[in-house]
Amino acid sequence: MRVISGTAKGRKLYSMPEGSGTRPITDRGKESLFNIIGNLLVDASFLDLFSGTGSVGIEALSRGAKLACFVEDSKKAIGVIKKNLQHTKLGDRALTLQSDVFKFLRARPTAYDFIFVAPPQYKQLWIRTLYLLDDCPEWIGDDAIVIVQINPSEFEANQFANLTLFEQKAYGNVSFCFYKRQ
């Protein structure tokens, strides 16, 4: 696992031990995602929910995001995120919060330009997260994009009051679903 592009390009990232419950994104999946959102990241705010090792938010910072907020429940994962931020020298634009994502989303909202949702698979946590965001659209900036990473077999169409699915891309066993505010 490494940073693919930007100011921290090529830096290897620390990972979690096997069986830790995190599901790291592959370099190929991450590269595909950032090829899609690319230049939109410059000066953007990025919320990384279920952050794991922080690989996606760190990639966003490396490519020019002005701020990344990492929300992760695991104390070990938070330690790895902080270690990766220090290693990449991107910590000055980052906020790491050890918190349950659902509790975090029930707090006072702050609008973000990108919200990345990559929870543990096959537990319907991505749908629960989208419904919380839909119920409180103040988390989602006016032109913001909410990106969900799931296994393609997990996808199911849902009706939201404030979110619309506008694109879906699959790369092997990774699917990215892109939502925006209606």
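We did not get these values from a lab; they are worked out from the coordinates using the rules stated. Small disclaimer: the values here were computed from a predicted structure and weren't measured. Note that we place each Cβ from the backbone using ideal geometry, even for glycine, and neighbour counts take in every protein chain shown.
Give the order of Tyr171, Tyr122, Tyr112, Tyr179 when sorted by the count of other beta carbons within 10 angstrom, beginning with the fewest.
Fewest-to-most Cβ neighbours within 10 Å comes out as Tyr122, Tyr171, Tyr112, Tyr179.
Per the Kirkwood formula on distinct C-alpha pairs, the Rh of the chain is how many angstrom?
It is 16.1 Å.
Could you go through the stretch 142-152 in sequence order and give the Karplus-derived ³J(HN,Hα) for each residue, using 6.51 cos²θ - 1.76 cosθ + 1.60 with θ = phi - 60°, rounded to whole Hz, and x for Gly and Pro?
4, 10, 6, 10, 9, 10, 10, 9, 9, 6, x
Exactly which trypsin sites (Lys or Arg not before Pro) in the stretch 62-152 are in a DSSP loop and have at most 13 other Cβ atoms within 10 Å?
Those satisfying the criteria are Lys89, Arg106, Lys123.
Looking only at GluC sites (Glu not before Pro) in DSSP loops with at most 15 other Cβ atoms within 10 Å, what is the longest site-free stretch of the chain?
So the longest stretch without any such site is 19-155.
Rounded to the nearest 5, what % of the DSSP beta bridges within the stretch 1-157 are antiparallel ones?
Roughly 5 percent of the beta bridges in the stretch 1-157 run antiparallel, per DSSP.
Of the candidates Ala157, Ala65, Ala170, which one comes out as most mobile in a Gaussian network treatment of the chain with C-alpha springs shorter than 10 Å?
Among Ala157, Ala65, Ala170, the largest GNM mean-square fluctuation belongs to Ala157.
Under 5 Å between amide hydrogens, which residues at least 5 positions from Leu13 or on another chain qualify, with H placed 1.01 Å from N in the peptide plane?
So Leu13 has HN proximity to Arg2, Val3.
In a shell of Cβ-Cβ distance under 10 Å around Lys66, excluding Lys66 itself, what net charge do Lys and Arg (+1) and Asp and Glu (-1) give?
So the environment of Lys66 carries a net charge of -1.
What does the net charge come to around Ile4 if you take all other residues with beta carbon closer than 12 Å to its beta carbon, with K and R at +1 and D and E at -1?
Within the 12 Å Cβ shell, the charges total +4.
Please turn the phi angles of the stretch 127-138 into ³J(HN,Hα) values with the Karplus equation 6.51 cos²θ - 1.76 cosθ + 1.60 (θ = phi - 60°), one per residue in order, whole Hz, x for glycine and proline.
Computed from phi, the couplings for the stretch 127-138 are 5, 4, 5, 5, 5, 5, 5, 5, 6, 9, x, 5 Hz.
Taking the alpha-carbon distance from Lys180 and a cut-off under 22 Å, which lysines remain once sequence neighbours fewer than 8 residues away in the same chain are dropped?
Reachable lysines: Lys30, Lys66, Lys169.
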